[in-house]
1. Taking only pairs six or more apart or across chains, which ones have beta-carbon atoms under 8 Å, a first residue in the range 346-363 that is at pLDDT 95 or above and assigned to a helix (DSSP H, G or I), and a second residue that is surrounded by 15 or more Cβ atoms within 10 Å (Cβ to Cβ) and among the acidic types (Asp, Glu)?
2. When the residues of the range 319-345 are narrowed to those that are within 20 Å of Leu294 (Cβ to Cβ) and without any contact (Cβ under 8 Å) to a residue 12 or more places away in the chain, which ends up least open to solvent (accessible area, probe 1.4 Å)?
3. For the range 282-298, does any single residue satisfy the condition of being surrounded by fewer than 23 Cβ atoms within 10 Å (Cβ to Cβ) and more than 21 Å from the chain's Cα centre (by Cα)?
4. If you take the residues in the range 267-277 that are more than 18 Å from the chain's Cα centre (by Cα) and open to solvent by less than 40 Å² (accessible area, probe 1.4 Å), which one is nearest to Ala343 (Cα to Cα)?
5. Taking only the range 232-264 into account, find how many residues are over 28 Å from Asp46 (Cβ atoms) and open to solvent by less than 30 Å² (accessible area, probe 1.4 Å).
Amino acid sequence: MKVMIVVTHLLGTGHLSRALTLGRAFVSAGHETFVVSGGMPAPQLDSTGLTVLGLPPLRSDGTDFTRLLTQSGELAKTDYLKARETALAEAIRSFAPDVLITELFPFGRRSLAAEFNAALETAHSLPRRPIVLASIRDILAPPSKPSKADRTAEIVELFYDGVLVHSDQSVIQLDISWPVTRQLRQRLFYTGFVAPNAPVPHADLVGKDEILVSAGGGSVGQPIFHAAIEAARKMPNRRWRLLVGGQDARTRIDQLQKLVGDAPVTLEPVRPDFRQMLPLAAASVSMCGYNTALDILQSGTPAVFIPFDDGKEVEQSLRGQSLSEQPAIDVLPSKELNADALARAVAAVISSGPRPVPSQGFDGAARTVEIAVNLRGQA
């Protein structure tokens, strides 16, 4: 079976990371898999076994997802966007997938509706129409007005065979963040959470007993790093390791290094072995994106979540509220973030002791493959 996954990450790399995890699951099951990525290059992510096509890349202007910028920071103009649209449609015609998966759209990425709609129309015009599925995380950004939800429902009804909800229905249902109509509910497939295999502790014990501070692959986590450096001064018996991501990571590390002084802080770029460090860490400090939250659940590491809530973002706050009911997890709203509050929260989750690691519910990638294969077989 030939599978194509279309994804554009505009701020961090979480959307692309999840899409690649799905892609690797299809490859492991013996399916030819083609990922089309429209975001910024992210060579640190694992694309083993996949064919990956990069469209002319885009990123958002900070948290303004309606203002799209090129890799050089210029406003993406009509001809640039048209080139993406053309390349995506041609990739679909050339590859002729049996299954086409669009990540987030039509529940998000409305600023890219033209290229996604063109892709869907191209797929439906193929001699053998592929099974078309939307891939969405557990919690979405709620629609700001009913017309957006209505338009999403129309697109799903017109083009899609199903919507893959990467959540455990007994833990988080889509209704928490999105209005689910009777018609939409009939097309939902809950897959379980999409995550790699549970991390194995680092063989070299890297990160053991440290406070690991991460903020995704974008540049929005700088306030967390500033607070962490000052919090580290208040906990001199613990080493804090700050892992800085994003295209400008080296520049930001240089800026942060000037603030460190004698604080027990190590600064370095994001590491590919981060997940192996987590089970050994005394605690984790991070935002509360989908992938990060699953890493924490799978590792059992005490955690302080600082949900990303700039602009009208509520997704991470909703997820954090759900997870804070578990032991050794605390949520610190960004408006309350300072060194004292962070140090107290970290000390509290460490004292709460280790948290039991769930033994099931993380096989969403394999379940996605099963769903796609069954739907293709029924077509």
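1. Matching pairs, first to second residue: Ala348/Asp330; Val349/Asp330.
2. Gln321
3. Within the range 282-298, one or more residues are surrounded by fewer than 23 Cβ atoms within 10 Å (Cβ to Cβ) and more than 21 Å from the chain's Cα centre (by Cα).
4. Ranking the candidates gives Leu267 first.
5. So the count comes out to 4.
Here is a yes/no grid of residues against (1) open to solvent by 30 Å² or more (accessible area, probe 1.4 Å); (2) of a type in the set (Gly, Ala, Ser):
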position	(1), (2)
Thr48	yes, no
Arg59	yes, no
Phe65	yes, no
Gln71	yes, no
Ala76	no, yes
Ile92	no, no
Phe95	no, no
Thr102	no, no
Phe105	no, no
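The values are calculated or read from the model by the stated rules, or taken from the named source; none is laboratory data. All figures in this text were calculated on a predicted structure; none of them were measured in a lab. Note that we place each Cβ from the backbone using ideal geometry, even for glycine, and neighbour counts take in every protein chain shown. With ligands, DNA and RNA removed, areas are computed over all heavy atoms of the protein, side chains included. Shrake-Rupley method; radii C 1.70, N 1.55, O 1.52, S 1.80 Å.
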